[in-house]
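Student: This is the structure, below, for whatever I ask next.
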Amino acid sequence: MRKKNKAQVIIITLWIMIILGLLAISVANRVSLGLRLSRYARDGIKADALAMAGINRAVAEIANDTNLYDALSEPWANDETKFKEIKADENNDNEVFSVVYNKTDLNGKTSPVYGISDEDSKININAADEDLVRILLEEFDIAEAGTLARNIVAWRGDSNIPVDDPSRDYSLKNYSCKDKPFSNKEELLLVKDITTGTYDMIKDYITTDTDPSQIRVNINTASLETLSILIKYEILSNSLGDSAAGERLLSSIISQRNLAPFETLADVEFKLDLPNKTEEYNVFNYLQTVVDVQSQYFRIISTGIIKKPFLARSSGCVYDNASGKIASWHQN
């Protein structure tokens, strides 16, 4: 009988030890998880702070550019020594920030650019009229460009679009036509008949973060496609009628700015050396009303990086160089 009781005590003791062991493991796991979450939160705060340091660095670079023109050959636009994996603390290799954005070419290849992007190199879709929007879409061979342009300007509430116009009909959607300016360019995806494919083709050429009251594009930083769109628009708007003259003007602009940035609009005219009263001269006269050589708005995307264990946080903003203030924030 005593042996039986002794065996029962041993079994009960073993069960108690097993249960205590399992509890100890559970507590240890919870403590470990808590420590990991705490470390992740701490590193997240550090990464956010590093991203903000990158934005401050970018703003300082813009402020250092004191000439009266802006061009892609300047340090703010592309300089790995200033913007790629910069240490906030010289003695700490594990915590860095990069100011970088991705650029996609016409072949769909994406590559990083370590620098600040010029928002004034793009066309503001809140400022562009229906013809300019249509020409923009046609530049990329987008089907039904006229219909899509109508839908876009109807979405933002252009007063010349009748209330009963088909472009305002969203009865097949679970929302209505906004009738207000775009808040951001991603909102284009809500416009009927705009597909992700269409958006992807034009997203690098449009903005909502510049002055919505006018079209004003930096001739030094605008892409070949953007300048082509503006030239075609001026030819159409002013009944100039010669697309070949526009192509010749575009070629001259690109060739001259590859040699050196345009410092003033007068400098553009001087370097292009267009003979008076030629078709190219006439087109350029109208083009001057929608271009400039200096930019006001710059997009900064900064990523704070903790290398080990790896963690990255990005913050983005559009900086208004005229006021010296952040115009808008975008955080990832």
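Student: Among the residues that make up the stretch 227-249, is at least one of them modelled with pLDDT under 95, part of a loop (DSSP other than H, G, I, E, B) and of a type in the set (Ser, Thr, Tyr)?
Tutor: Within the stretch 227-249, one or more residues are modelled with pLDDT under 95, part of a loop (DSSP other than H, G, I, E, B) and of a type in the set (Ser, Thr, Tyr).
Student: Cβ-Cβ under 8 Å, sequence separation 6+ or interchain: first residue in the stretch 310-323 and without any contact (Cβ under 8 Å) to a residue 40 or more places away in the chain, partner of a type in the set (A, V, I, L, M) and surrounded by fewer than 19 Cβ atoms within 10 Å (Cβ to Cβ). Which pairs?
Tutor: Filtered contacts from the stretch 310-323: ASP320/ILE326; ASP320/ALA327.
Student: For residues in the stretch 31-86 being among the polar types (S, T, N, Q) and at pLDDT 90 or above, which is farthest from VAL291 (Cα to Cα)?
Tutor: Looking at the filtered set, the residue picked out is THR81.
Student: Which one of VAL133, VAL100 is in contact with a strand residue (DSSP E or B) (Cβ under 8 Å, 6 or more places away or on another chain) and either aliphatic (A, V, I, L, M) or in contact (Cβ under 8 Å) with a residue 40 or more places away in the chain (or both)?
Tutor: Result of the check over VAL133, VAL100: VAL100.
Student: A further question on this structure: Being modelled with pLDDT of 95 or more, within 21 Å of ALA58 (Cα to Cα) and over 22 Å from the mean Cα position of the chain (by Cα) is true for just one of ILE306, ILE254. Which residue is that?
Tutor: Residue meeting the stated conditions: ILE306.
Student: Can you work out which of the residues in the stretch 81-119 that are more than 19 Å from the chain's Cα centre (by Cα) and not in a loop (DSSP other than H, G, I, E, B) is farthest from ALA51 (Cα to Cα)?
Tutor: THR81
Student: Filter the stretch 199-245 for residues that are over 18 Å from LEU265 (Cβ atoms), surrounded by 21 or more Cβ atoms within 10 Å (Cβ to Cβ) and without any contact (Cβ under 8 Å) to a residue 60 or more places away in the chain and give the result.
Tutor: Answer for the stretch 199-245, where residues must be over 18 Å from LEU265 (Cβ atoms), surrounded by 21 or more Cβ atoms within 10 Å (Cβ to Cβ) and without any contact (Cβ under 8 Å) to a residue 60 or more places away in the chain: just ILE235.
Student: Answer yes or no: is there a residue in the stretch 179-188 that is at pLDDT 95 or above, surrounded by fewer than 19 Cβ atoms within 10 Å (Cβ to Cβ), of a type outside the set (Phe, Trp, Tyr) and in contact with a Lys or Arg (Cβ under 7 Å, 6 or more places away or on another chain).
Tutor: Yes, the conditions are met somewhere in the stretch 179-188.
Student: Mind counting the residues in the stretch 184-226 that are over 26 Å from ASN67 (Cα atoms), hydrophobic (A, V, I, L, M, F, W, C) and in a helix (DSSP H, G or I)?
Tutor: 5
Student: Okay, moving on. Go through the stretch 270-302 and give me each residue that's in a strand (DSSP E or B) and crowded, with 21+ Cβ neighbours inside 10 Å.
Tutor: Of everything in the stretch 270-302, those that are in a strand (DSSP E or B) and crowded, with 21+ Cβ neighbours inside 10 Å turn out to be VAL291, TYR297, PHE298, ARG299, ILE300, ILE301, SER302.
Student: Here's a follow-up. Please specify each residue of the stretch 103-157 satisfying the condition of being of a type in the set (D, E, K, R) and modelled with pLDDT under 95.
Tutor: Of everything in the stretch 103-157, those that are of a type in the set (D, E, K, R) and modelled with pLDDT under 95 turn out to be LYS103, ASP105, LYS109.
Student: Tell me yes or no: at least one residue of the stretch 145-152 is surrounded by fewer than 17 Cβ atoms within 10 Å (Cβ to Cβ) and either more than 30 Å from LYS84 (Cα to Cα) or under 22 Å from the mean Cα position of the chain (by Cα) (or both).
Tutor: Yes: one or more hits.
Student: So ALA222 passes all but one of these: (1) at pLDDT 95 or above; (2) farther than 20 Å from THR289 by Cα. Which condition number does it fail?
Tutor: (2)
Student: In the list GLU279, GLU269, GLU263, which residue meets the criterion of being among the acidic types (Asp, Glu), under 19 Å from ALA222 (Cβ atoms) and touching a residue at least 24 places away in the same chain (Cβ under 8 Å)?
Tutor: Only one candidate passes the filter, namely GLU263.
Student: If I filter the stretch 75-97 down to residues being surrounded by 13 or more Cβ atoms within 10 Å (Cβ to Cβ), charged (D, E, K, R) and in contact (Cβ under 8 Å) with a residue 24 or more places away in the chain, which single residue comes out as nearest to ALA222 (Cα to Cα)?
Tutor: Out of the qualifying residues, it is ASP79.
Student: Right, something else. Of the conditions (1) closer than 28 Å to SER223 by Cα; (2) at pLDDT below 95, ASP164 satisfies every one except a single condition; which number is it?
Tutor: Here ASP164 meets the rest and fails (1).
The values are calculated or read from the model by the stated rules, or taken from the named source; none is laboratory data. For clarity, every value in this text was computed on a predicted model and none was experimentally measured. In this analysis, Cβ positions are derived from the backbone assuming ideal geometry, glycine residues included, and neighbour counts consider all displayed protein chains.
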